[in-house]
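Each remark here refers to the structure printed beneath this line.
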Amino acid sequence: MVQSKIDFSNTEVAFHLKTDAELERAYFLFKMIANEPLVRIGTAATNFALKTHLPVEGLIRATVFDHFCGGVSAEDCMPKIDQMFRSGVYSVLDYSVEGKQEETQFDLILEQMCTLVDFADEKAAMPFAVFKPTAVGRFDIYKKISASIPLSDEELSEWKRIQERFHHICRYGQEKNIAILVDAEESWIQKAADDLLLDMMRTYNKDKVVVYNTLQAYRWDRLDYLKHLHQIAKKEGFKLGFKLVRGAYMEKERERAERKNYSSPICNTKADTDIQFDDCLTYMLNNLDDTSVFLGTHNERSTHLALNLMTQLGVNIDDPRIWFGQLFGMSDHISFNLANAKYNVAKYLPFGPVRDVMPYLIRRAEENTSVAGQTNRELLLIKQEKKRRKT
Ligand SMILES: Cc1cc2nc3c(=O)[nH]c(=O)nc-3n(C[C@H](O)[C@H](O)[C@H](O)COP(=O)(O)OP(=O)(O)OC[C@H]3O[C@@H](n4cnc5c(N)ncnc54)[C@H](O)[C@@H]3O)c2cc1C
């Protein structure tokens, strides 16, 4: 793969917002995360401590939380949002409370989403809002619909309320000119979310893209799915919006497929996932008249591919149909070097009460443990920057 002109190894640009103390903390954290047994023990101990109300929130806050999250509330995140924006990096506020299953909670999230859209409307630094399908509806309802299991009358009205919540958020986004990203989750609930989001795109993406669903490239069927949707969109006259990621639930997906004895929806190898990712990316960039893409990745090679394709296709660096996205606390060398060269870059900035964002933080720790290459790369870059600052 030919590298683009952007140099991701410029650590001065990558870490210019980090103080020496923050850099030391990042180094210490990634060192811990690289140690798989430590992450396993740490996760169990933290879960136990939170369940038994031991006073560990302060410790979590000062370490992993502050590294990977913006704060406990949207207001709390403002200094980080403003600071990143001054360096050309946008923010996507991500209310990362997971696993709630009550209707009152779903309505609260709906309210929270509208407040976030209002918040984004007032701030140039936030062109997107994001939510997870299971933040506004019960996991089991999506699961039943995805498996074509008939719903009871009560469940049908529950599903109707979920549809209304999706409409409400997307309509509000359209009114306020804030694009809505919707995360992808486990494959056994994703069909219901995909179908619903196709309806949202039909309704709200007529002139420009308001709604972005997420394609998980570790699923071997996603390029075909993308092409199929493209045909529908062209025929019916609406635009496609997709966040393209590799996918975060691989172990869970494989374990379930084996346990329930069905063929796994996940690519057999990392190389196959990479091919699927790059093919989806290439397909979308070649069809920019009909699609917008938010590239959610920390992979340098795929990012170089996108940059090269943009050059080949003669697409402007800041074309509003192409965004690059990374998670806060990870891959600053990609985000800040891209922003420095004036590409559209946004960081997912998670926030929420410390104990409620624990599932998100644990996923980050586990992901960085299993994606060992990324952790080692973070460590190497931080080490280089520490050395540079000393000389
Ligand atoms: C802005 C942003 C938004 C995101 N939103 C979502 C979302 O909505 N839903 C979601 O599921 N994830 C989401 N993610 C996480 C994402 O799916 C990846 O887990 C993460 O970004 C790592 O992939 P990568 O492309 O950055 O890096 P890489 O290191 O190149 O890839 C690691 C990924 O490759 C895949 N992989 C690894 N080993 C194998 C193997 N043996 N066989 C097959 N595949 C393999 C896995 O998906 C793994 O996560 C998001 C990430 C970002 C940055």
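Computed values, structure above
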quantity	calculated
Choice from A233, A271, A365 showing the highest fluctuation, given a GNM over the chain with Cα pairs closer than 10 Å	A271
Table column - 3J(HN,Hα) (Hz), the stretch 320-328, Karplus curve with 6.51, -1.76, 1.60, x for Gly and Pro	x, 8, 10, 10, 10, x, 10, 8, 4
Inter-probe distance in nm under a simple model that places probes 7 Å from Cα toward Cβ, at K234 and A21	5.8 nm
Choice from A120, A62, A26 with maximal GNM fluctuation in the chain (Cα, 10 Å cutoff)	A62
Qualifying aspartates and glutamates (Cα of each under 15 Å from Cα of K80; at least 8 residues distant if same chain)	E22, D66, D94, D332
More than 38 Å apart - percent of Cα-Cα pairs taken over the stretch 11-390	14 percent
K208-E75 pseudo-label distance in nm [points 7 Å out on the Cα-to-Cβ vector]	3.1 nm
Computed [θ] at 222 nm, helices only, for the chain once each DSSP H run of length n ≥ 4 contributes -39500 (n - 2.57)	-17500 deg cm²/dmol
DSSP beta bridges in the chain [antiparallel fraction, %, rounded to 5]	5 percent
Relative contact order of the chain, defined on C-alpha pairs under 8 angstrom at six or more residues apart (%)	27 percent
Other-chain or far-sequence residues with amide H under 5 Å of V92's (modelled H)	K347, Y348, L349
Estimated FRET transfer efficiency (A49, N308; beta-carbon r; R0 35 Å; 0.05)	0.15
Amide proton proximity set for G325, modelled H, under 5 Å, gap of 5+	L295, G296, T297, A346
Built amide H within the under 5 Å cut-off of G241, gap 5+	N213, S292
Accessible surface ranking that places the most exposed of T291, T134 first, with a 1.4 angstrom probe	T134, T291
Nearest-10 value in Å² for the accessible area of W220, using the 1.4 Å probe	140 Å²
Vicinal HN-Hα couplings computed from phi for the stretch 374-387 (Karplus, 6.51 cos²θ - 1.76 cosθ + 1.60; Hz; Gly/Pro x)	5, 5, 4, 5, 4, 4, 4, 5, 5, 4, 4, 5, 4, 5
Reachable lysines, given that their alpha-carbon falls under 21 Å from the alpha-carbon of K260 and they are not under 8 places away in the same chain	K143, K144, K191, K252
Surface accessible to a 1.4 Å probe, L59 within the full protein complex, Å²	120 Å²
Eligible lysines near K235 by straight Cα distance, threshold 18 Å, same-chain separation 8 or greater	K206, K208, K227
Per-residue SASA entry for L229, accessible area with 1.4 Å probe, Å² rounded to 10	10 Å²
Residues of the stretch 349-363 with amide N under 18 Å of the 7 Å Cα→Cβ point at V56	353-363
Tensor-based shape of the stretch 154-238 (alpha-carbon gyration tensor, a/c under 1.5 rounded, otherwise prolate or oblate)	oblate
For the stretch 223-233, 3J(HN,Hα) per residue [Karplus equation, 6.51 cos²θ - 1.76 cosθ + 1.60, θ = phi - 60°, Hz, x = Gly/Pro]	5, 4, 4, 4, 5, 4, 5, 4, 4, 4, 4
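The values are calculated or read from the model by the stated rules, or taken from the named source; none is laboratory data. Owing to the predicted nature of the structure, the values given are computational and were not obtained by experimental measurement. Heads up, the Cβs are rebuilt from the backbone with ideal geometry, glycines too, and the neighbour counts pull from every protein chain shown. Accessible surface is based on the protein model in full, side chains and every heavy atom, while ligands, DNA and RNA are left aside. Shrake-Rupley method; radii C 1.70, N 1.55, O 1.52, S 1.80 Å.
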